[in-house]
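Contents: one structure, followed by commentary.
Where a number appears in this text, it was derived from the coordinates with a stated rule and is not lab data. Since this is a predicted model, take the numbers as computed values, not measurements. Cβ: placed from backbone, ideal geometry, glycine included. Neighbour counts: every protein chain shown.
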Amino acid sequence: MYTTVRDSPIHGRGVFAIQAIPRGTRIFEYTGELITREEEIQRELENDKTGVTYIYQLNDHESIDGAYGGNDSRFVNHSCDPNVEGVIEDGHIYYVALRDIKRDEELFIDYAFDKDSKREPCHCGSTNCRGVMNEM
Ligand SMILES: [Zn+2]
């Protein structure tokens, strides 16, 4: 157990290291319900109303919705300068430390939303902030 969830200065709740996490550590799996692309499109219409989504695209036709059966990994916030990356292996998504993470640091992943999907403004504050959570 490397992490805990608490209020984030960036957005809502966030995930924080409760101990030092060495680079390359597999921190947790992104769990949730396996859904089709069609189901994802339906759910995102609903999610747009609340502005909250926990859907992570697994491949071209399937996604994992952390809103159902998800664990703490769904609370990892976005940054344009992330310290964690999602690694997809055999139909599973693992969150892996991109660098050494100190105790009490917040974990961030680059959401890299599709450049053609709705543009989500970013306020991550990193020096290389793209201004949006989408890919450029
Ligand atoms: Zn940013």
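Subtracting the Cα-Cα distance of Met1 and Asp104 from their residue separation scaled by 0.36 nm leaves 35.7 nm. Helix content alone sets the calculated 222 nm mean residue ellipticity of the chain: runs of n ≥ 4 DSSP H residues at -39500 (n - 2.57) each, divided across all residues, give -3500 deg cm²/dmol.
Just rank His78, His61, fewest to most, by other beta-carbon atoms within 10 angstrom.
So the ranking, lowest neighbour count to highest, is His61, His78.
For Asn77, what is the net charge nearby, where nearby means another residue's Cβ is under 13 Å from its Cβ and Lys, Arg count +1, Asp, Glu -1?
Here the count lands on -4.
Taking 0.36 nm per residue of sequence separation and removing the Cα-Cα distance, the Asn128/Ala20 pair yields an extension gain of 36.4 nm. The H on the amide N of Phe28, modeled in the peptide plane, is under 5 Å from the matching H of Tyr95, each at least 5 residues off or on a different chain. Charges were assigned to the Cβ only: +1 to each Lys and Arg, -1 to each Asp and Glu. The resulting dipole of the chain about its Cα centre is roughly 600 debye. To the nearest ten degrees, helix 37-50 and the longest principal axis of the Cα atoms of the chain are 70 degrees apart.
Points 7 angstrom from Cα along the Cβ direction at Tyr68 and Glu46: gap in nanometres? Going by the 7 Å Cα→Cβ label model, 0.8 nm.
Given in Å, the Rg to one decimal and the Dmax to the nearest whole number for the Cα atoms of the chain are 14.4, 40.
Here's how it looks for Ile55: its modeled amide H is under 5 Å from those of Gly66, which are all 5 or more places away or on a different chain.
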